[in-house]
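Working notes, beginning with the structure itself.
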Amino acid sequence: MGCQDELLVEKVCEMYEKISRLESLKPSKDVNMLFTQLVRTCMPPSPIDVTKLCKRVQEMRSKLIRLCGEAEGLLEGHFSTILGSYENPLDHLNLFPYYSNYLKLSLLEFTLLSQNCTHVPSKIAFVGSGPLPLTSIVLASYHLTTTSFHNYDIDPAANSMAAHLVSSDPDFSKRMLFHTTDIMNVTNELKEYDVVYLAALVGMDKEEKIQVMDHLAKHMAPGALLMLRSAHGARAFLYPVIDPCDLRGFEVLSIFHPTDEVINSVVVARKFPMHVHSLDQGLGPMILPSKCSEIQVFNPLEELTIEDSSVLQIFFSSFSLYH
């Protein structure tokens with residue numbers, strides 16, 4: 001490990017110690033300051049490979065990811081409550097401090113989706129939608145205006161808050177549905193979706209993530225797309241990493257590692273059109289040889305024309321940190 005990597009790991013470990021000593025991870029001046037510092041530390045592109053770090057640092061990283069996930073959930077719940085106090089919550093989404101980053105991330109994901117999907121999806125599932133389902137809302141608002149979104153979350157309180165945000169909108173209240181269940185208990189319904197999104201924090205470690213991906217491979221419709229959020233370099237201290245070679249039953253189509261304020265990497269995979277007999281027998285992914293390490297970089301402005309100037313402006317404005 002190089003000197004720069006050692007300094008990075010040391011700084012992340014110091015920040016983990018401070019965060020782990022917090023009495024609460026609810027939004028506050030101290031919590032916001034520490035997590036902003038952490039994101040800024042991990043955001044610059046880095047060649048570090050977290051899988052090669054020592055056991056002590058690996059254990060710290062696992063705990064840190066869980067702390068980040070808890071803090072993110074509390075932050076979204078806090079702002080979902082604020083937004084829900086308005087008569088028309090969807091008119092006030094920009095109150096959420098990271099809304100502009102969701103706009104950008106959703107546009108990147110929609111661009112990748114457009115490159116790999118031959119038709120406009122009629123039904124999309126988002127697994128792990130949480131109390132503030134901004135990805136579904138942004139996609140439904142700007143990119144997929146006729147698509148229905150089925151949002152899955154295991155937390156009934158999160159779904160109740162999320163459903164309240166769209167209940168006053170006549171269009172969204174019809175196209176945005178919420179299901180309170182563990183996705184591992186969803187089987188036949190998964191065949192109904194053209195696209196399934198898997199949130200970054202569904203499956204907090206490698207083993208949990210693989211279980212979910214294997215379940216989706218077993219029950220998704222042949223040819224359906226799976227959109228996954230991962231992390232790369234130092235950003236892997238914030239989110240779990242998806243190894244494309246663990247996507248059994250899928251063909252990996254595209255991998256995109258951002259280098260800007262959008263933290264999550266995006267992996268696009270397609271369920272094989274043929275029947276997969278048994279993932280339990282060790283059937284591996286049929287991945288193109290270069291896909292496990294491929295990084296595809298593109299300019300979304302060259303790939304996609306967006307008439308809505310308010311969305312286009314996100315490329316020319318200042319971005320808050322996304323986490």
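The values are calculated or read from the model by the stated rules, or taken from the named source; none is laboratory data. Quick caveat: nothing in here was measured; it's all calculated off a predicted structure. All Cβ positions, glycine included, derive from the backbone under ideal geometry; neighbour counts span all protein chains shown.
Across the stretch 123-143, what is the number of residues that are outside any helix (DSSP H, G or I) and in contact with a strand residue (DSSP E or B) (Cβ under 7 Å, 6 or more places away or on another chain)?
Taking the stretch 123-143 as the starting set, the residues that turn out to be outside any helix (DSSP H, G or I) are 123-133.
Subset that is in contact with a strand residue (DSSP E or B) (Cβ under 7 Å, 6 or more places away or on another chain): 123-130, 133.
Total satisfying the criteria: 9.
In the list 250, 237, which residue meets the criterion of being crowded, with 21+ Cβ neighbours inside 10 Å and either closer than 19 Å to residue 51 by Cα or under 11 Å from the mean Cα position of the chain (by Cα) (or both)? Reasoning before the result, please.
Values: 250 fails: either closer than 19 Å to residue 51 by Cα or under 11 Å from the mean Cα position of the chain (by Cα) (or both).
Step by step, each of 250, 237 is checked, and only 237 is crowded, with 21+ Cβ neighbours inside 10 Å and either closer than 19 Å to residue 51 by Cα or under 11 Å from the mean Cα position of the chain (by Cα) (or both).
For the structure I just gave you, tell me whether residue 179 is surrounded by fewer than 20 Cβ atoms within 10 Å (Cβ to Cβ) and in a strand (DSSP E or B).
Details: surrounded by fewer than 20 Cβ atoms within 10 Å (Cβ to Cβ): yes; in a strand (DSSP E or B): yes.
For residue 179, the condition - surrounded by fewer than 20 Cβ atoms within 10 Å (Cβ to Cβ) and in a strand (DSSP E or B) - is met.
Select the helices (runs of 4 or more DSSP H) contained entirely in the stretch 1-116, then report the ones holding at least 3 residues which are acidic (Asp, Glu) and on the phi < 0 side of the Ramachandran plot.
Details: elements: 3-20, 29-42, 55-84, 99-116.
By residue number, 3-20, 55-84.
In the stretch 184-224, what residues are in contact with a Ser or Thr (Cβ under 7 Å, 6 or more places away or on another chain) and among the charged types (D, E, K, R)?
If the condition is that a residue be in contact with a Ser or Thr (Cβ under 7 Å, 6 or more places away or on another chain) and among the charged types (D, E, K, R), then 194, 205 are the ones that fit.
Restricting attention to the stretch 89-129, which residues are of a type in the set (S, T, N, Q) and either surrounded by fewer than 20 Cβ atoms within 10 Å (Cβ to Cβ) or free of Cβ contacts under 8 Å to residues at least 24 places away in the same chain (or both)? Talk me through it step by step, then tell me what you get.
Step one: list which residues in the stretch 89-129 are of a type in the set (S, T, N, Q), which gives 94, 100-101, 106, 111, 114-116, 118, 122, 129.
Within the stretch 89-129, 94, 100, 114, 115, 116, 118, 122 meet the criteria.
For the stretch 201-229, enumerate the residues that are basic (Lys, Arg) and either touching a Gly at 6+ places or on another chain (Cβ under 9 Å) or surrounded by fewer than 18 Cβ atoms within 10 Å (Cβ to Cβ) (or both). I'd like the intermediate steps shown before the answer.
Step one: filter the stretch 201-229 for residues basic (Lys, Arg), giving 206, 209, 218, 229.
Of everything in the stretch 201-229, those that are basic (Lys, Arg) and either touching a Gly at 6+ places or on another chain (Cβ under 9 Å) or surrounded by fewer than 18 Cβ atoms within 10 Å (Cβ to Cβ) (or both) turn out to be 206, 209, 218.
So which of 152, 197 is assigned to a strand (DSSP E or B) and either under 23 Å from residue 255 (Cβ atoms) or among the charged types (D, E, K, R) (or both)? Working first, answer last.
Numbers: 152 fails: either under 23 Å from residue 255 (Cβ atoms) or among the charged types (D, E, K, R) (or both).
Result: 197 is the single residue among 152, 197 that is assigned to a strand (DSSP E or B) and either under 23 Å from residue 255 (Cβ atoms) or among the charged types (D, E, K, R) (or both).
If you check residue 47 against the conditions, is it within 22 Å of the chain's Cα centre (by Cα), touching a residue at least 24 places away in the same chain (Cβ under 8 Å) and loosely packed, with under 12 Cβ neighbours inside 10 Å? Let's see the steps before the verdict.
Details: within 22 Å of the chain's Cα centre (by Cα): yes; touching a residue at least 24 places away in the same chain (Cβ under 8 Å): yes; loosely packed, with under 12 Cβ neighbours inside 10 Å: yes.
So residue 47 fits the description; yes.
Which of the residues spanning the stretch 1-57 are of a type in the set (S, T, N, Q) and more than 19 Å from residue 72 (Cβ to Cβ)? Working first, answer last.
Our first condition is that a residue be of a type in the set (S, T, N, Q); within the stretch 1-57, this holds for 4, 20, 24, 28, 32, 36-37, 41, 46, 51.
Passing the criteria: 4, 46, 51.
Is it the case that some residue within the stretch 130-138 is surrounded by fewer than 24 Cβ atoms within 10 Å (Cβ to Cβ), farther than 15 Å from residue 200 by Cβ and not basic (Lys, Arg)?
yes
What is the number of the single condition among (1) under 14 Å from the mean Cα position of the chain (by Cα); (2) more than 23 Å from residue 213 (Cβ to Cβ); (3) β-branched (Val, Ile, Thr) that residue 146 does not meet?
So residue 146 meets the others, but not (1).
Tell me whether the stretch 88-102 contains one or more residues that are over 29 Å from residue 254 (Cβ atoms), in contact with a strand residue (DSSP E or B) (Cβ under 8 Å, 6 or more places away or on another chain) and not aliphatic (A, V, I, L, M).
The answer is no, given that none of the residues of the stretch 88-102 is over 29 Å from residue 254 (Cβ atoms), in contact with a strand residue (DSSP E or B) (Cβ under 8 Å, 6 or more places away or on another chain) and not aliphatic (A, V, I, L, M).
Okay, residues lined up against (1) on the phi < 0 side of the Ramachandran plot; (2) part of a strand (DSSP E or B):
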site	(1), (2)
191	yes, no
203	no, no
207	yes, no
236	yes, no
245	yes, no
251	yes, yes
259	yes, no
268	yes, yes
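For every residue, the table says whether it meets (1) modelled with pLDDT under 95; (2) of a type in the set (S, T, N, Q).
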residue	(1), (2)
165	no, no
186	no, no
197	no, no
204	yes, no
217	no, no
230	yes, yes
241	yes, no
